[in-house]
Amino acid sequence: MSIVIGEEIKRWTARRKSALVLEVIQGKTSISEASRQFDLPPSEIEGWVEDAKRGMENALRAKPEDVREQYERQLKDLHEAYGEAMLELRARKKLSSLLGKDET
């Protein structure tokens, strides 16, 4: 791996993350190799790769979205999903109480 680090990394800066993600995308290393080398969970590196792909897609758009707009849209989607989950939970509790099955 071309990321040369003489000492243990205490903080993964955006620059370090992007260097590692670039190596993964270019096929110079795999997520599992990087995970072992830097003692990171593979899911964390996968998340960085996904974030980078989303950022890259936005940067290549004819009219890039502001980062704030991206986060606001994601937050709105999460609020909607949360609301739906709460409605389902309330409906299940109500159904349980109507059927005489108390949930604790």
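The values are calculated or read from the model by the stated rules, or taken from the named source; none is laboratory data. Because the structure is a prediction, the values reported are computed rather than measured. These accessible areas exclude ligands, DNA and RNA; they are computed on the full protein's heavy atoms, side chains included. Shrake-Rupley method; radii C 1.70, N 1.55, O 1.52, S 1.80 Å.
Inside the stretch 31-70, residues that are more than 14 Å from Lys17 (Cα to Cα) and under 12 Å from the mean Cα position of the chain (by Cα) make up a count of 1. Selection of the stretch 27-62 for residues being of a type in the set (A, V, I, L, M) and open to solvent by 60 Å² or more (accessible area, probe 1.4 Å) yields Met56, Ala59, Leu60, Ala62. Going through (1) modelled with pLDDT under 90; (2) open to solvent by 90 Å² or more (accessible area, probe 1.4 Å) one by one, Gln70 falls short only on (2).
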